[in-house]
Structure formats: structure tokens, C-alpha cells
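Notes for the one structure printed next.
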Amino acid sequence: MDATDAAGEAALLREARTLTPALHTLGRVLRLGGVTEAGLPPLPPSDLEVLRQVLDSPGIGVGALAQELGLHASNVSTTLRGLVAQNLVRREPDPHDRRAVQLFPTMGAVQGMAMVEQAWAEIFADSLATLSREERAALSAAAPALHALASALRSQRAASHS
């Protein structure tokens with residue numbers, strides 16, 4: 001590695017150290033809010049993450065869900081039992097493997113998550129209103145890059161678990 005490569009890596013690490021805490025805080029604030037504001041029974045953040053993934057990937061299996069979230073299958077199974085009991089997720093036999101199940105969101109989960117996401121948008125909008133026009137424009141312009149970063153992080157995690 002030459003000096004230019006080392007300087008580039010050091011700059012990337014500095015950027016990551018600046019961005020990571022801010023992104024983590026944003027995610028945490030959003031995860032901890034929204035459910036109550038939407039008038040729904042409280043859900044722990046882990047339940048909300050599992051539910052969000054089932055909503056994003058209907059038909060996903062327990063193993064794939066656990067891998068996607070970076071959790072142990074036993075922890076996901078425990079969370080799923082609670083979500084099934086609350087009528088937010090339903091299990092159906094996998095048509096290709098009767099020993100496995102596929103997970104699907106219920107209509108209540110779809111409607112509830114829409115309410116939570118609306119509450120998140122309102123919470124976020126209230127905070128965005130405190131920023132300058134330039135800061136809001138910078139955040140809006142960063143949205144595609146943030147989506148690409150999330151995709152790269154998912155791919156990197158998936159590759160490390162393969």
C-alpha cells in the first residue's frame with residue numbers, strides 16, 4: 001500500500017467515524033418512537049425489526065430472516081411467537097419443504113406499520129423543520145447514497161455469513 005492509498009483509507013475511516021454515530025442515533029430515535037405515537041400497543045425494537053423484515057420480504061423463512069437481521073434463529077423464533085400471538089405475522093407451510101414455514105404479515109401488521117411510518121414521518125418532519133433549507137436539501141440529496149450504503153452493508157454482512 002502506498003502513501004496515497006493509506007491517506008485515502010484514513011480519510012474513509014474519518015468519514016465513517018463521523019457518520020456512524022449520527023446514523024446510529026437517527027435509527028435509534030426512530031425505532032424508539034412511532035409505535036406509541038401511532039396509538040398502537042408498544043412493541044420492543046427487536047419485534048419491530050423482525051416485523052419490518054417480514055413486511056419487506058413476505059414468505060421469508062425463519063433462517064433467512066435470522067441471517068438477514070444478524071440474529072440467532074432461536075431469538076427470531078421467540079420474537080415470532082409473540083408477533084403471531086398478536087396477530088401481526090402468520091406462518092404458512094413452505095410449499096417446497098413441509099418441514100419449513102414461510103412468514104407473512106397480516107393485514108393488521110400492514111396497517112399498523114403504515115401508521116408507525118406515518119408517525120415516524122411526522123416526528124422526522126418536526127425535526128427537519130428546525131433545520132435550514134440548505135441542511136434539508138443536503139439530507140434529501142443524500143437519500144440515494146444512504147440507500148446504496150445500506151445495500152452495501154447488507155451485502156457485506158451476507159458475504160461474511162456465507
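The values are calculated or read from the model by the stated rules, or taken from the named source; none is laboratory data. Since this is a predicted model, take the numbers as computed values, not measurements. So basically every Cβ, Gly included, is an ideal-geometry build from the backbone, and we count neighbours across all protein chains shown.
Taking the range 94-136 as the range and being free of Cβ contacts under 8 Å to residues at least 40 places away in the same chain, of a type in the set (A, V, I, L, M, F, W, C), more than 28 Å from Ser77 (Cα to Cα) and part of a helix (DSSP H, G or I) as the test, the residues that pass are Ala121, Ala125, Leu128. Applying the criterion of being without any contact (Cβ under 8 Å) to a residue 24 or more places away in the chain and either assigned to a helix (DSSP H, G or I) or hydrophobic (A, V, I, L, M, F, W, C) (or both) to the residues of the range 72-93, the residue that is farthest from Ala158 (Cα to Cα) is Ala85.
So that you can scan it fast, the table gives a plain yes or no per residue for (1) surrounded by 16 or more Cβ atoms within 10 Å (Cβ to Cβ); (2) closer than 11 Å to Val116 by Cβ:
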| site | (1), (2) |
| --- | --- |
| Glu9 | no, no |
| Ala22 | no, no |
| Gly34 | yes, yes |
| Glu49 | yes, no |
| Gln53 | yes, no |
| Gly59 | no, no |
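Does Arg90 satisfy the criteria of being surrounded by 10 or more Cβ atoms within 10 Å (Cβ to Cβ), in contact with a Phe, Trp or Tyr (Cβ under 9 Å, 6 or more places away or on another chain), more than 22 Å from Thr25 (Cβ to Cβ) and at pLDDT 90 or above? Yes.
Applying the set (1) exposed (fewer than 12 other Cβ atoms within 10 Å of the Cβ); (2) over 18 Å from Leu30 (Cβ atoms) to Asn75 leaves exactly one unmet item: (1). Take the conditions (1) within 17 Å of Leu43 (Cβ to Cβ); (2) touching a Leu at 6+ places or on another chain (Cβ under 9 Å); (3) hydroxyl-bearing (Ser, Thr, Tyr); Thr78 misses just one of them, which is (2). For the range 1-60, the tally of residues that are within 26 Å of Leu103 (Cβ to Cβ), small (Gly, Ala, Ser) and in a helix (DSSP H, G or I) stands at 2. If the condition is being over 30 Å from Gly39 (Cβ atoms) and surrounded by fewer than 12 Cβ atoms within 10 Å (Cβ to Cβ), then the range 96-141 contributes His96, Asp97, Arg98, Arg99, Ser132, Arg133, Glu134, Glu135, Ala137, Ala138, Ala141. Residues in the range 142-162 that are among the hydrophobic types (A, V, I, L, M, F, W, C) and surrounded by fewer than 10 Cβ atoms within 10 Å (Cβ to Cβ) were compared, and the one that is farthest from Pro41 (Cα to Cα) is Ala159.
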